[in-house]
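**Student:** One structure, pasted below without further comment.
Laboratory data are not the source of any read-out in this text; all were calculated from the coordinates shown. Bear in mind the structure is a predicted one, so any value in this text is a computation, not a measurement. Counting neighbours? That spans all protein chains shown, and the Cβs are built from the backbone with ideal geometry, glycine included.
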Number of protein chains: 2
Amino acid sequence: MSARFYSLLLALLLAAPGAFAETLKLPDNLTGFGSPAGESFLAESTAKEAYFPLASNFLTQKTQAYCGVASIVMVLNALNVPAPAVPEYEPYKTFTQDNVLNDRTETILPRQVLDKQGMTLDQIGAILSTQPIKAEVRHASDASLEQFRTQASSFLAKPGHFVIVNYLRKAMGQEKGGHISPLAAYDEKADRFLILDVARYKYPPVWVKTTDLFGAMNTVDSDNENKTRGYVLISSPSGE
Amino acid sequence: MSARFYSLLLALLLAAPGAFAETLKLPDNLTGFGSPAGESFLAESTAKEAYFPLASNFLTQKTQAYCGVASIVMVLNALNVPAPAVPEYEPYKTFTQDNVLNDRTETILPRQVLDKQGMTLDQIGAILSTQPIKAEVRHASDASLEQFRTQASSFLAKPGHFVIVNYLRKAMGQEKGGHISPLAAYDEKADRFLILDVARYKYPPVWVKTTDLFGAMNTVDSDNENKTRGYVLISSPSGE
Ligand SMILES: [Ca+2]
Ligand SMILES: [Ca+2]
Ligand SMILES: [Ca+2]
Ligand SMILES: [Ca+2]
């Protein structure tokens, strides 16, 4: 090949959108948040009260085992739950992936176990319940696709209501294991939920079909006594 | 006062939206991202190409001096500039507020100075210029309100184009010193820009009037040879 061929190829590669892309390619069934279709889903969604406070507190999980910790911190800050001090931010307070873990969470999930195998669905519920909020755990095996769609979409449409999901990535075409992130919106027309994926070094936020998401939650977690994964419905105590 | 009075008062306080609020109250001239007006501004904005990749990479500054570092990391990740490794995320790569600082940035702004007095407008431009992108520094004294509005809004409307602003908070009614954050959108109808404020423990993202933002940039920075603050126009090398 000529030098001219290579210089043209280089120019093409540099000009191509995504020439710099760092995150993994999405499978066809998932729609990226920033794609034209993804932008339309957000625009046409009428169940996105959760979106604005969560987007204002969107985080990258601190380690590859901290997806549950990051999801919990996002929801606590989005709910404006009174937060512990952070030396660096004195006199301001906020939840971080460090200060959300304390003696009470240690009895639920020791850091040593967390670091090795992450968090289960039931541990998300138990850790959230150490805060002055309401958290209801739903295993996929105890719900139906229709119940999940109705409950989650109605939570996302109300101020002070949030949903965290625990799912198996490979069941929806991603790499690869069990994962946890908050939902931020539901688009009825596309029948898709927006996941604000906390592994931001790996995947962008995605719009996933309800059937694909429910299928990925309806999988067995060997770290949780072979119970299925699922979702947590979270609200502030006043129920607002 | 009776116990009944206090119990009513407590119920009222708990039920009030924002009873849990942790961030500072916004002055009347600023509109919160999640307020009904803020949601409308985003919906009606036609200059928000920058919004989606920035929202996907929104960060909290690591210390109270790191607003410039956090802003740079957000833009580099939004541009998908090839990133250094992060031990915790192996094999994935991303810019963080730690790995963005290196031997080259140390010659521009030693960490010891950064930790004490943060970053100046010219240092933002110089540090961005160590990466394979284009960064043009504009001091407010060398621009007009109209030039800023036109340049910034046209950047926010194009893929691969970003704007970081350096302004004096108290000049737009906030607490209190010099600050740095990325712009994410412009709403022509309201003539307001959306600032994704990286001091997320302190303020939510805000929509600010162009005149208020320009006024807050058109202030003297004693850490930068008494030059005015201003903005940095950033784009990928292909100009896309
Ligand atoms: Ca709202
Ligand atoms: Ca908060
Ligand atoms: Ca777009
Ligand atoms: Ca990236």
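**Student:** Using the count of nearby Cβ atoms within 10 Å as a rough guide to exposure, how do A:203, B:89, B:231 rank from fewest to most?
**Tutor:** Values: A:203 23, B:89 20, B:231 26.
By the 10 Å Cβ count, ascending: B:89, A:203, B:231.
**Student:** Which aspartates and glutamates have a Cα lying under 12 Å from the Cα of residue A:209, excluding residues fewer than 8 positions away in the same chain?
**Tutor:** The reachable aspartates and glutamates, counting only those whose Cα sits under 12 Å from residue A:209, are A:28, A:187, A:188, A:191.
**Student:** Turning to a different aspect of this structure: Sort B:128, B:194, A:101 so that the residue with the fewest other Cβ atoms within 10 Å of its own Cβ comes first and the one with the most comes last.
**Tutor:** Numbers: B:128 23, B:194 28, A:101 20.
The order, fewest Cβ neighbours first, is A:101, B:128, B:194.
**Student:** Follow-up. For the stretch B:3-235, count the residues as N, evaluate 2.2 N^0.38 Å, and divide the Cα radius of gyration by that value, please. Mind showing how you got there, number by number?
**Tutor:** Values: Rg = 18.6 Å, N = 233, 2.2 N^0.38 = 17.5 Å.
Its radius of gyration relative to the 2.2 N^0.38 Å reference: 1.07.
**Student:** While we're here: When a footprinting reagent is the concern and you count Cβ atoms within 10 Å, what order do B:192, A:149 take, fewest first?
**Tutor:** Working: B:192 25, A:149 19.
Final ranking by Cβ density, sparse to dense: A:149, B:192.
**Student:** May I pose another question? Answer with one residue from B:230, B:195, B:96: the one whose Cα lies farthest towards the positive end of the charge dipole of chain B, charges on Cβ with Lys, Arg +1 and Asp, Glu -1.
**Tutor:** B:195
**Student:** Based on Cβ point charges of +1 for Lys and Arg and -1 for Asp and Glu, what charge dipole magnitude is obtained for the stretch A:3-235 about its Cα centre, in debye rounded to the nearest 20?
**Tutor:** On the way: 22 positive and 24 negative charges, 72 e Å.
Its charge dipole is roughly 340 debye.
**Student:** Given the -39500 (n - 2.57) contribution per DSSP H run of 4+ residues, what per-residue ellipticity at 222 nm results for chain A, rounded to the nearest 500 deg cm²/dmol?
**Tutor:** Details: 9 runs with 80 residues, N = 240.
Value at 222 nm, helices only, nearest 500: -9500 deg cm²/dmol.
**Student:** Using Cα pairs closer than 8 Å and at least 6 residues apart in sequence, work out the relative contact order for chain B, in percent. Walk me through the intermediate numbers first.
**Tutor:** On the way: 435 pairs, mean separation 66.2, N = 240.
Once divided by the residue count of chain B, the mean separation gives 28 percent.
**Student:** Which value, in debye to the nearest 20, describes the size of the charge dipole of the stretch A:177-237 about its Cα centre when Lys and Arg Cβ atoms bear +1, Asp and Glu Cβ atoms bear -1, and nothing else is charged? Don't skip to the answer; put the middle values down first.
**Tutor:** Working: 7 positive and 8 negative charges, 31 e Å.
It comes to approximately 140 debye.
**Student:** Now a separate question. What is the sum of charges around residue B:83, taking Lys and Arg as +1, Asp and Glu as -1, for the other residues whose C-beta is under 14 Å from the C-beta of residue B:83?
**Tutor:** Numbers: positive: A:200, A:202, B:93; negative: A:22, B:88, B:90, B:98.
Here the charged neighbours net out to -1.
**Student:** Between the stretch B:179-240 and the stretch B:28-44, what's the alpha-carbon centroid distance in Å?
**Tutor:** Here the answer is 16 Å between Cα centres.
**Student:** Let me ask something else. Only Lys, Arg, Asp and Glu count, each charged at its Cβ (+1, +1, -1, -1), so figure out the dipole size of the protein assembly as shown about its Cα centre, rounded to 20 debye.
**Tutor:** Values: 44 positive and 50 negative charges, 2 e Å.
Using only the charged Cβ atoms, the result is roughly 20 debye.
**Student:** Another question about this same structure. Each label point is 7 Å from the Cα along the Cα-to-Cβ direction; what then is the distance between the points at residue B:170 and residue A:28, in nm?
**Tutor:** Distance between label points: 6.0 nm.
**Student:** With the dipole of the stretch A:3-235 worked out from charges on the C-beta (+1 for Lys and Arg, -1 for Asp and Glu) around the Cα centre, which of A:33, A:220, A:129 lies farthest toward the positive end?
**Tutor:** After comparing all options, I get A:33.
**Student:** Please compare each pair in A:25/B:134; A:25/A:62; A:48/B:93; A:202/B:170; A:202/B:134 to a cut-off of 28 Å on the Cα-Cα distance and tell me which ones are over it.
**Tutor:** A:48/B:93; A:202/B:170
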